[in-house]
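Visitor: Sharing a structure with you now.
The values are calculated or read from the model by the stated rules, or taken from the named source; none is laboratory data. Just so you know, these numbers come straight off a predicted model, no measurement behind them. Cβ: placed from backbone, ideal geometry, glycine included. Neighbour counts: every protein chain shown.
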Amino acid sequence: MKLQFSGHESFICKHFWLKKGYDFIQKDEITFNDDLAVAKLGVGRNMVTAITYWLKAYGITDSSNNLTEFANYLFQEGTGKDPYLENLGSIWLLHYNLIKTNKASLYSFFFNEFRRDKIEFTKEQFSNFLQRKVESSAKANVNANTINVDITVFIRNYLKAGSTNKKVEVEEEFSNLMIDLQFMDSYTSENAEGRNVEWYRVENAARIDLPYEVVLFTILDNETYGMSVSFKELLSGFDSPGSIFALSDEGLYDKLRQIVENYKGISYRETAGVRELQFKSKPQKWSVLNDYYRA
């Protein structure tokens, strides 16, 4: 797996950037590299670069800057399900895509691996983890400063508004695309040397505001899953809903219960201590999302 870091020019993804980038690709004959792109998008050159990066990271464009099926599903003029990202389910889907695409490797590492051992962490701990990953990869050549900038942007993307004592511009804090997910909080603790250290926390939770249709979409979108999937795999497997959405055991069970109640051909079984989600037939994943947006 190719490791990819940086590219965001230290900018978090703002709420309106993905739609702005989508419309630019749809309506303009010039590319993001064109000098006119700055005027067309109404942002600085560094922000144009950041928008291009986040479009790929969130799966809105592919490696050739072509719009994806997912992008058209959300943003297509006239038919897009949520062009202005007014539904929280759309933000959950974008969070899922951010991890699945692995265009920003830090996010996959955090939700698939690092959180298994550290629900609470410091920047230094996460940085050391990522540097070990880079050192073990023959294809990666990333310095510590690049990793630390990526971590800062990652935290700013997910940190709850008002959960830190640091002064942040209100507009900057509330323009964050991921803010409504309420994933991460922080606190300060004194270490053994008497120095205050900032700690961050992403706990497993029930995620009541996470639509079960979004969870089912991610299960159907995972090509490694067959007609039966163990509860353990769904809870803690790579790119599983439990890992990506930081679900608790009870939270995942509740999402599966809702799925079974609303979709024929899907059942949940507990036999001899083995818990499984079973499919007699699998619904089409886009149809499942249509059910969510019709509700």
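Visitor: One residue is enough: does the range 84-96 have a residue meeting the conditions buried (at least 19 other Cβ atoms within 10 Å of the Cβ) and in contact with a Ser or Thr (Cβ under 7 Å, 6 or more places away or on another chain)?
Guide: yes
Visitor: List every residue pair whose Cβ atoms sit under 7 Å apart, with the two residues 6 or more apart in sequence or on different chains, where the first one lies in the range 236-251 and is touching a residue at least 24 places away in the same chain (Cβ under 8 Å) and outside the structural domain of R115 (by TED's automatic domain parsing) and the second, anywhere, is small (G, A, S) and in a loop (DSSP other than H, G, I, E, B).
Guide: Correct list of pairs: S243/G237; S248/A206; E250/A206; G251/A206.
Visitor: Would you check which residues across the range 204-230 are assigned to a loop (DSSP other than H, G, I, E, B) and more than 21 Å from E261 (Cα to Cα) and list them?
Guide: N204, N222, E223, T224 - these are the residues of the range 204-230 that are assigned to a loop (DSSP other than H, G, I, E, B) and more than 21 Å from E261 (Cα to Cα).
Visitor: While we're here: Conditions first: (1) modelled with pLDDT under 95; (2) within 18 Å of E113 (Cα to Cα). P241 passes all but one, so which condition is the exception?
Guide: (1)
Visitor: A further question follows. Among the residues of the range 181-203, is any assigned to a helix (DSSP H, G or I) and of a type outside the set (D, E, K, R)?
Guide: Yes: one or more hits.
Visitor: Given the residues S137, S108, which is the only one that is at pLDDT 95 or above and either among the small types (G, A, S) or not assigned by TED's automatic domain parsing to the domain that holds K56 (or both)?
Guide: After applying the criteria, what remains is S108.
Visitor: Among the residues of the range 124-159 satisfying the criterion of being β-branched (V, I, T) and free of Cβ contacts under 8 Å to residues at least 60 places away in the same chain, which is nearest to G7 (Cα to Cα)?
Guide: Out of the qualifying residues, it is I151.
Visitor: Another question, if that's okay. Which one of these does Y212 not meet: (1) in contact with a Lys or Arg (Cβ under 9 Å, 6 or more places away or on another chain); (2) farther than 23 Å from F70 by Cα?
Guide: With respect to (1) in contact with a Lys or Arg (Cβ under 9 Å, 6 or more places away or on another chain); (2) farther than 23 Å from F70 by Cα, Y212 is out only on (2).
Visitor: Could you list, in sequence order, the residues of the range 114-123 that are in contact with a helix residue (DSSP H, G or I) (Cβ under 9 Å, 6 or more places away or on another chain) and touching a residue at least 12 places away in the same chain (Cβ under 8 Å)?
Guide: Hits for the range 114-123 are F114, R115, R116, F121, K123.
Visitor: Those residues that are surrounded by fewer than 16 Cβ atoms within 10 Å (Cβ to Cβ) and either part of a strand (DSSP E or B) or in contact with a strand residue (DSSP E or B) (Cβ under 6 Å, 6 or more places away or on another chain) (or both), I need them from the range 264-274; list them, please.
Guide: Across the range 264-274, the qualifying residues are S267, Y268, R269, E270, T271, V274.
Visitor: Which of the residues belonging to the range 62-106 are more than 22 Å from S287 (Cα to Cα) and of a type in the set (S, T, N, Q)?
Guide: S63, S64, N65, N66, N102, S105
Visitor: Which residue is surrounded by the most Cβ atoms within 10 Å (Cβ to Cβ), if the candidates are limited to the range 275-295 and must be out of contact with any helix residue (DSSP H, G or I) (no Cβ under 8 Å at 6 or more places or on another chain) and more than 26 Å from D82 (Cα to Cα)?
Guide: F279
Visitor: Being among the polar types (S, T, N, Q) and in a helix (DSSP H, G or I) is the filter; apply it to the range 112-137 and report the residue that is surrounded by the most Cβ atoms within 10 Å (Cβ to Cβ).
Guide: Out of the qualifying residues, it is N112.
Visitor: I need the full set of residues from the range 237-251 which are under 16 Å from the mean Cα position of the chain (by Cα) and assigned to a helix (DSSP H, G or I), in order please.
Guide: Of everything in the range 237-251, those that are under 16 Å from the mean Cα position of the chain (by Cα) and assigned to a helix (DSSP H, G or I) turn out to be P241, G242, S243, I244.
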